[in-house]
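First up is the structure itself, then whatever we jot down about it.
The values are calculated or read from the model by the stated rules, or taken from the named source; none is laboratory data. Worth saying up front: this structure is predicted, and the values here are computed from it rather than measured. For neighbour counting, all protein chains shown are included, and Cβ atoms are generated from backbone atoms with ideal geometry for every residue, glycine included. For the accessible areas, the whole protein counts, side chains as well, though only heavy atoms, and no ligand, DNA or RNA atoms are used. Shrake-Rupley method; radii C 1.70, N 1.55, O 1.52, S 1.80 Å.
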Amino acid sequence: PFRDSKLTQLLMDSIGGSSLTMMLACISPSGHSVQESMRTLEYANKAKSIKNKPVVLLDPQQNMVEALKKEIEQLRAENRALKEAFMSGDLETARD
């Protein structure tokens, strides 16, 4: 609805992108600025209805590093459990 606005063009990545955005609408109590203040309030009212869900964008290499770290932690936990089972002599638990 407000794609023609210069402000929208400037804030395009923030308003509909994957970032958190805070908008502050400043208006004037002066009678000379009534129309501009009304347009500002209308724009702010429309902009507050825009909902987006920011997500952390990681590059593929970073995703791989995170997956490998998770796998290492799982393998370490499994290794600890097997060591404990072996030390306690409970070999049946170690085989499962």
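Per-structure values
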item	result
Residue check for residue 44: assigned to a helix (DSSP H, G or I), under 30 Å from residue 21 (Cα atoms) and open to solvent by less than 100 Å² (accessible area, probe 1.4 Å)	yes
Output for the range 32-68, where each listed residue is under 18 Å from the mean Cα position of the chain (by Cα) and of a type in the set (Val, Ile, Thr)	50, 55, 56
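Residue by residue, here is whether (1) in contact (Cβ under 8 Å) with a residue 24 or more places away in the chain; (2) under 30 Å from residue 10 (Cβ atoms); (3) exposed (fewer than 10 other Cβ atoms within 10 Å of the Cβ) holds:
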| residue | (1), (2), (3) |
| --- | --- |
| 31 | no, yes, yes |
| 34 | no, yes, no |
| 58 | no, yes, no |
| 79 | no, no, no |
